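The values are calculated or read from the model by the stated rules, or taken from the named source; none is laboratory data. Everything quoted here is computed from the prediction, not taken from an experiment. Ideal geometry is used to build each Cβ from the backbone, glycine not excepted, and the neighbour counts take in all protein chains shown. The protein model used for the area step is the full one, side chains on, heavy atoms only, and it has no ligands, DNA or RNA in it. Shrake-Rupley method; radii C 1.70, N 1.55, O 1.52, S 1.80 Å.
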Amino acid sequence: MRKTMLLLVLCVPVCVCAQKFDGLALTPPMGWNTWNTFAANIKEDLVKETVEAMLVNGMQEAGYTYIVIDDAWEAKERDAQGNLVPDPNKFPSGMKALGDLLHERGFKFGIHNCAGTKTCSGYPGGRGHEFQDARSYASWGVDYLKYDWCEHGTANAEETYKTMRDALYTARRPVVFSLCEWGDNKPWLWGQKIGHLWRTTGDITACFDCVKDHGTYKDWGVLQILDKQEGLRKYAGPGHWNDPDMLEVGNGMAVNEDRAHFSMWCMLAAPLMAGNDVRKMTKETLAILTNKEAIAVDQDPLGVQGFQYSAKDKMEVWFKPLSDGAWAMCVLNRTPRVQKFRFDWKGEAVADSFSKREARFDTTAYTVRDLWQKKDLGKTDIIFSGDVAAQDAILLRLSPAK
Ligand code: GLA
């Protein structure tokens, strides 16, 4: 009897229960992506030069780890066995060699493909090849997959992304899975078990306050994307992030606009994917991208997305609870005019029911540090007042005074 039981137990098939890889994105992923500046004009040398620049200019040290090769790295057709292959002119050494190089230089390797039959630039998509592609990615050393949503036909988004999640898990190489579904099917409602981040909107464009209408689709400015994040903060947390799209810092906006963009992405606990040409950028752009204290707001281990506390005359005040009882605060001036800002701490009640955190300025004094000026401004026992430049932001860290 016992023997039969034992045999039965031994014969139960082992279930490789599909799931996403846990513990990979406990803070929002950071890195650099080819798309915003280079689009389809990418090649091996560009990636090599970029990582060398990031090693020297402090970006790697600041936390930009994932180097993501976006659309158009592939040959136009799969090979005779149906495998994805890189364009031999753009990536003559192949993707395994590229992955090795990135790993040797201390980076992680990210790649793009699409849940549909073709990518948005017309290269082979993953549909129907998910398990085969996941094996290729594993063999190349891929650590991050951005999975797009062009040419999806009538496919169900949740099921389609789940298939790729299962394929990645089955291939056994831990991969951060970025659902680039543009928010079309509310991925925040189902993405947590499938991926580590999900796009909440269509594509960003390097413009502070505009919409670029291309007829069949639109590109969105910084403020337009910011406004689309309303109501989504409760879906974000360690391991699963809202993704308001990559950074446009250094891509043509004014320095103040770049600073406001970066400040707000930090307040949103957004993935920070630089999208500029880091081989030749201004010192202002580099200073924004590598501001460690601003990045620490984004990367705070509490992992709570910030919220809008007040809005008046297109001046917004945002708060983000941080670990150790601290807070980040951002004052965003959406207008093209300088505006005065005055904040009498003691009369303000900042309470966040989501994180169950409260800032009691009437009973606790906080030290105030300006993260762009890199200057301590005193404590919350004196009224804060100053100018906020046009289309700019003040970013503060409030720490309970000892
Ligand atoms: C979509 C994505 C972009 C980029 C392009 C590539 O538009 O949202 O981020 O990956 O595809 O074609």
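Some notes on this structure:
- Packing rank of 74-84, 178-188, 296-306, where each peptide gets the mean count of other beta carbons within 10 Å, highest leading: 178-188, 296-306, 74-84
- Assuming charge only on the beta carbon of Lys and Arg (+1) and of Asp and Glu (-1), the dipole of the chain about its Cα centre is about 1020 debye to the nearest 20.
- Computed over the alpha-carbon atoms, the range 240-297 gives an Rg to Rh ratio of 0.94, Rh here being the Kirkwood radius from the mean inverse distance.
- Between the residues Val175, Met246, Gly325, the greatest Cα displacement towards the positive end of the dipole of the chain, with unit charges on the Cβ of Lys, Arg, Asp and Glu, is found for Gly325.
- Size of charge dipole - the range 307-400 - debye, nearest 20, with Cβ of Lys, Arg +1 and Asp, Glu -1, no other charges: 160
- At a probe radius of 1.4 angstrom, the accessible area of the range 347-386 per residue rounds to 60 square angstrom.
- Contact order for the range 14-298, expressed relative to its length and based on alpha carbon pairs under 8 Å spaced 6+ residues apart, stands at 20 percent.
- Rounded to whole Å, the principal axis extents of the Cα atoms in the range 321-394 read 35, 26, 24, largest first.
- Fraction of antiparallel bridges per DSSP, the chain only, in percent to nearest 5: 65
- Distance in nm between pseudo-label sites at Ala287 and Val338 (7 Å out along the Cβ direction from Cα): 1.8
- Measuring nothing but protein heavy atoms, the accessible surface of the chain at 1.4 Å probe radius is 52 percent carbon and sulfur.
- Distance from the range 86-114 to the range 346-373 (C-alpha centre basis), Å: 45
- Per residue, in Å², the accessible surface of the range 41-196 once ligands and nucleic acids are set aside, probe 1.4 Å: 40
- Zero-based 20 Å bins, Cα pair distances in the chain, whole percents: 27, 53, 17, 2, 0
- Farthest toward the positive end of the dipole of the range 14-298, out of Leu46, Thr290, Asn156, is the Cα of Asn156, where the dipole comes from beta carbon charges about the Cα centre.
- Accessible surface area normalised per residue over the range 215-337 is 34 Å², counting heavy atoms of protein chains with a 1.4 Å rolling probe.
- Look at where the Cα atoms of the range 283-334 and of the range 139-194 average out, and the two centres are 29 Å apart.
- In the chain, helical runs assigned H by DSSP with n ≥ 4 each contribute -39500 (n - 2.57); averaged across all residues and rounded to the nearest 500, the mean residue ellipticity at 222 nm is -7500 deg cm²/dmol.
- Stretching the chain fully between Arg279 and Cys210 yields a gain of 22.1 nm (0.36 nm per residue, less the alpha carbon separation).
- Only Lys, Arg (+1) and Asp, Glu (-1) charged, at Cβ; the range 30-184 dipole about Cα centre in debye: 300
- A Förster radius of 56 Å, combined with the Cβ-Cβ distance separating Asp324 from Asp45, puts the computed FRET efficiency at roughly 0.80.
- Entries of Lys234/Lys320; Lys193/Lys234; Lys108/Lys212; Lys186/Lys234 with Cα pairs more than 24 Å apart: Lys108/Lys212
- Normalised Debye scattering of the range 62-129 at q = 0.12, 0.19, 0.26, 0.27 Å⁻¹ gives log10 I(q)/I(0) of -0.34, -0.78, -1.18, -1.22, counting only Cα atoms as equal scatterers and leaving out solvent.
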